[in-house]
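What follows is a set of notes on a single structure, which appears directly below.
The values are calculated or read from the model by the stated rules, or taken from the named source; none is laboratory data. Computed from a predicted model, the values in this text were never measured in an experiment. No Cβ is skipped: glycine too gets one built from the backbone with ideal geometry, and neighbour counts run over all protein chains shown.
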Amino acid sequence: MAGGAGLTSAPPLDRGIPDFLERPGPSPVHRLNPLTKATLATVTAVAAVALGGLVGPVVLVLVAVILPAAAAGVLGRLIRTSLLLALPIAVSAFLVNLFFFPDGRTVLVEVGPITATAEGFGFALEILARILAISGAVTLFYLTTRPAALVIDLERRGVSPRVGFVANASVQTVPAMVERAAQITAAQRARGLDTEGSVWRRIRGIVPIVGPVILGSIAEVEERTMALEARGFTRPGRRTLLWTPSDTTFERILRWGLVAALVGLIAVRVTGVLR
Amino acid sequence: MSLQLTGVGYRYAGATAAALLDIDLLLGPGEVVGVAGASESGKTTLCLVAAGLAPRTVGGQIRGTILLDGEDVDAWPMHRLSARIGIGFQNPATQLSQVAGTVFEEVAFGPMNLGVPRNEVVSHTWAALETLRIENLAERDPFRLSGGQQQLVAMAGLLAMRPEHLVLDEPTAQLDPEGTRLVGDAIARLAAEGASILITEQKTDLLAAIAARVIVLDGGRIARAGTADDVLADPGLAELGVAPPAMHRLRRAAADAGVAPGTLGSLDG
């Protein structure tokens with residue numbers, strides 16, 4: 001067991017658990033239990049797909065994404081982030097459905113051999129609404145939840161810390177890779193790599209950046225694994241938790257209610273009652 | 001409390017040559033042993049082997065025996081070893097847990113994993129932060145710190161685990177002189193409380209200040225071993241890719257210039 005030596009005689013000012021760990025979030029949405037917010041995000045995303053059409057997903061976006069985001073004071077960031085997340089998929093899905101919808105009859109525009117149809121346009125809007133509902137729900141969750149809080153909450157409920165670690169580390173890896181890519185780009189440009197100009201030049205410039213970013217990340221995995229092992233992460237048994245996010249009976253009922261509503265919706269869709 | 005390596009050799013998986021050969025090393029209680037050597041001389045490998053990560057996590061083949069307080073650790077799982085031996089790496093970014101939202105939680109990560117009672121986790125964490133004078137960073141996001149600050153946080157994470165033995169692989173690589181001094185002070189304090197410490201360093205000035213004994217590795221073997229004074233004053237050190245401490249360089253330069261030894265004052269003391 002640790003504790004035999006090492007700073008044991010250092011006179012720690014026992015300040016107790018720091019306030020900032022348990023400090024309540026700035027809005028009621030921030031203060032919701034992380035599992036409640038995760039449930040809301042999941043139910044919104046799945047329901048948008050299950051509902052289909054245009055009105056259902058749009059109403060979902062308004063009620064489950066825009067309103068809570070406005071209440072949490074993160075509407076501007078939510079719009080920017082979720083659009084950034086969804087844009088590449090949304091644009092390609094929109095264009096493909098607009099121009100290549102198989103049952104398109106009513107021609108809107110003809111551009112050479114390809115034709116945009118009204119039916120394609122309608123279907124593309126439906127797809128767009130679903131994509132925005134999914135990206136908005138996920139973004140709202142991450143803008144109002146500390147990833148560490150979700151990990152702790154799941155752990156308290158008996159989920160292995162490894163599950164939480166994988167989920168959290170995946171999210172944390174994205175900004176780390178972006179930063180690494182920026183550093184490598186700067187280093188490669190300092191050595192004469194041309195990453196500006198025509199599209200072809202830009203594409204050629206990506207190749208010597210992507211390789212080091214991916215290989216560097218892979219190389220770091222071993223060291224990260226060793227660091228985790230050395231800090232006792234693989235020890236069997238429960239870890240000590242410093243704090244746990246609050247949870248209320250209302251939120252528990254809300255979560256089960258959301259799940260039940262989703263199950264009901266899927267059942268209705270599968271049985272064909274709602275057409 | 002001792003860490004003893006006897007006849008230890010190690011080869012990485014897939015490698016044709018051994019990275020370490022015939023290493024005999026004893027770290028007694030409260031002893032700081034410095035390891036110097038050129039790049040690829042085996043310093044990091046020695047750290048991995050001494051801390052038990054090689055071959056448990058890294059793979060490869062090991063021979064010889066490693067005794068921790070007289071017990072053979074060959075069959076110990078890593079989590080059992082990690083409660084007794086702490087290891088710090090050169091790159092602080094890879095030592096961050098990735099699940100802590102604040103520096104406080106990051107430093108507390110190790111003792112939390114070990115199941116240390118909550119109030120002890122908190123007091124160990126504050127003590128470690130205070131030792132390295134980074135308590136002002138407690139609320140910060142560890143990912144938004146400079147490399148030097150991250151290195152101090154990683155070091156604090158080790159201290160909070162209260163290891164009986166500590167293995168440090170160039171812990172001051174990214175630190176400024178003040179950070180280096182703080183880490184040096186923390187190591188000296190740990191040693192004074194009985195921990196045995198193995199530290200690899202390019203900064204031989206730090207080794208001269210904190211290590212009682214120094215070994216120099218060359219091609220995976222111990223090329224020099226002895227008291228820090230003797231080894232770091234060895235004129236053949238540069239041939240092994242190790243820069244002598246400033247004190248010894250100055251002394252040698254003075255001797256070459258014909259300055260009488262007694263005139264260097266405290267350097268001769």
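Quick check on region B:163-173. Is at least one of its residues at the interface with chain A (Cβ under 8 Å from one of its Cβ atoms), buried (at least 21 other Cβ atoms within 10 Å of the Cβ) and part of a strand (DSSP E or B)? Yes, there is a match, as at least one residue in region B:163-173 is at the interface with chain A (Cβ under 8 Å from one of its Cβ atoms), buried (at least 21 other Cβ atoms within 10 Å of the Cβ) and part of a strand (DSSP E or B). Kindly indicate whether B:Gln150 is surrounded by 20 or more Cβ atoms within 10 Å (Cβ to Cβ), polar (S, T, N, Q) and in contact (Cβ under 8 Å) with a residue 40 or more places away in the chain. Considered against the rule, which asks whether it is surrounded by 20 or more Cβ atoms within 10 Å (Cβ to Cβ), polar (S, T, N, Q) and in contact (Cβ under 8 Å) with a residue 40 or more places away in the chain, B:Gln150 comes out as yes. Taking region B:19-39 as the range and being within 16 Å of the chain's Cα centre (by Cα) and assigned to a strand (DSSP E or B) as the test, the residues that pass are B:Leu25, B:Leu26, B:Leu27, B:Val32, B:Val33, B:Gly34, B:Val35, B:Ala36, B:Gly37.
Per this entry, B:Thr200 is not counted among residues that are on the phi < 0 side of the Ramachandran plot, more than 9 Å from chain A (Cβ to nearest Cβ) and free of Cβ contacts under 8 Å to residues at least 60 places away in the same chain. Only residues that are surrounded by fewer than 16 Cβ atoms within 10 Å (Cβ to Cβ) and in contact with a strand residue (DSSP E or B) (Cβ under 8 Å, 6 or more places away or on another chain) were counted across region A:111-122, and they come to 1.
Residue selection: B:Leu207 fails the criterion of being aliphatic (A, V, I, L, M), under 16 Å from B:Lys43 (Cβ atoms) and surrounded by fewer than 24 Cβ atoms within 10 Å (Cβ to Cβ). Of note, A:Leu98 does not satisfy the criterion of being surrounded by 20 or more Cβ atoms within 10 Å (Cβ to Cβ) and within 19 Å of the chain's Cα centre (by Cα). Take B:Gly115 and tell me if it is facing chain A (nearest Cβ under 8 Å) and of a type outside the set (Phe, Trp, Tyr). Considered against the rule, which asks whether it is facing chain A (nearest Cβ under 8 Å) and of a type outside the set (Phe, Trp, Tyr), B:Gly115 comes out as yes.
The condition of being part of a loop (DSSP other than H, G, I, E, B), out of contact with any strand residue (DSSP E or B) (no Cβ under 6 Å at 6 or more places or on another chain), within 14 Å of chain B (Cβ to nearest Cβ) and in contact (Cβ under 8 Å) with a residue 60 or more places away in the chain does not hold for A:Gly53. Looking at this structure, is B:Glu120 acidic (Asp, Glu), surrounded by fewer than 24 Cβ atoms within 10 Å (Cβ to Cβ), in a helix (DSSP H, G or I) and more than 7 Å from chain A (Cβ to nearest Cβ)? Yes: the conditions hold for B:Glu120.
The number of residues in region A:214-249 being surrounded by 18 or more Cβ atoms within 10 Å (Cβ to Cβ), among the charged types (D, E, K, R), within 25 Å of the chain's Cα centre (by Cα) and within 27 Å of A:Lys37 (Cα to Cα) comes to 0. Scanning region B:123-141 for residues that are facing chain A (nearest Cβ under 8 Å), in contact (Cβ under 8 Å) with a residue 24 or more places away in the chain and not aliphatic (A, V, I, L, M) yields B:His124, B:Thr131, B:Glu139. Exactly one residue out of A:Val107, A:Val91 is over 20 Å from A:Thr42 (Cα atoms), modelled with pLDDT under 85 and assigned by TED's automatic domain parsing to the domain that holds A:Val138: that is A:Val107. Can you pull out every residue in region A:192-249 that is among the polar types (S, T, N, Q), assigned to a helix (DSSP H, G or I) and more than 14 Å from every other protein chain (Cβ to nearest Cβ)? Result: A:Thr249, single match. When the residues of region A:140-176 are filtered to those that are in a helix (DSSP H, G or I) and more than 12 Å from chain B (Cβ to nearest Cβ), the one that is nearest to A:Val65 (Cα to Cα) is A:Leu140. Evaluating B:Ala50 against the criteria (1) out of contact with any helix residue (DSSP H, G or I) (no Cβ under 7 Å at 6 or more places or on another chain); (2) closer than 25 Å to B:Thr180 by Cβ; (3) facing chain A (nearest Cβ under 9 Å) leaves one unmet condition, (3). Taking region B:202-269 as the region of interest, the helices (runs of 4 or more DSSP H) fully inside it that hold 2 or more residues being at pLDDT below 90, touching a helix residue (DSSP H, G or I) at 6+ places or on another chain (Cβ under 9 Å) and not aromatic (Phe, Trp, Tyr) are B:246-256. Of all the residues in region A:138-195, those that are under 24 Å from B:Gly115 (Cβ atoms) and charged (D, E, K, R) number 6. Looking only at residues in region B:53-80 that are closer than 24 Å to A:Ala219 by Cα and assigned to a helix (DSSP H, G or I), which one is farthest from the other protein chains (Cβ to nearest Cβ)? Here the residue is B:Pro55. When B:Gly110, B:Gly30 are checked against the criterion of being surrounded by fewer than 19 Cβ atoms within 10 Å (Cβ to Cβ) and either without any contact (Cβ under 8 Å) to a residue 12 or more places away in the chain or among the small types (Gly, Ala, Ser) (or both), B:Gly30 stands alone in meeting it.
Do we find a residue being in a loop (DSSP other than H, G, I, E, B), surrounded by fewer than 18 Cβ atoms within 10 Å (Cβ to Cβ) and either more than 12 Å from chain A (Cβ to nearest Cβ) or out of contact with any Cys (no Cβ under 8 Å at 6 or more places or on another chain) (or both) anywhere in region B:86-106? No, region B:86-106 contains no residue that is in a loop (DSSP other than H, G, I, E, B), surrounded by fewer than 18 Cβ atoms within 10 Å (Cβ to Cβ) and either more than 12 Å from chain A (Cβ to nearest Cβ) or out of contact with any Cys (no Cβ under 8 Å at 6 or more places or on another chain) (or both).
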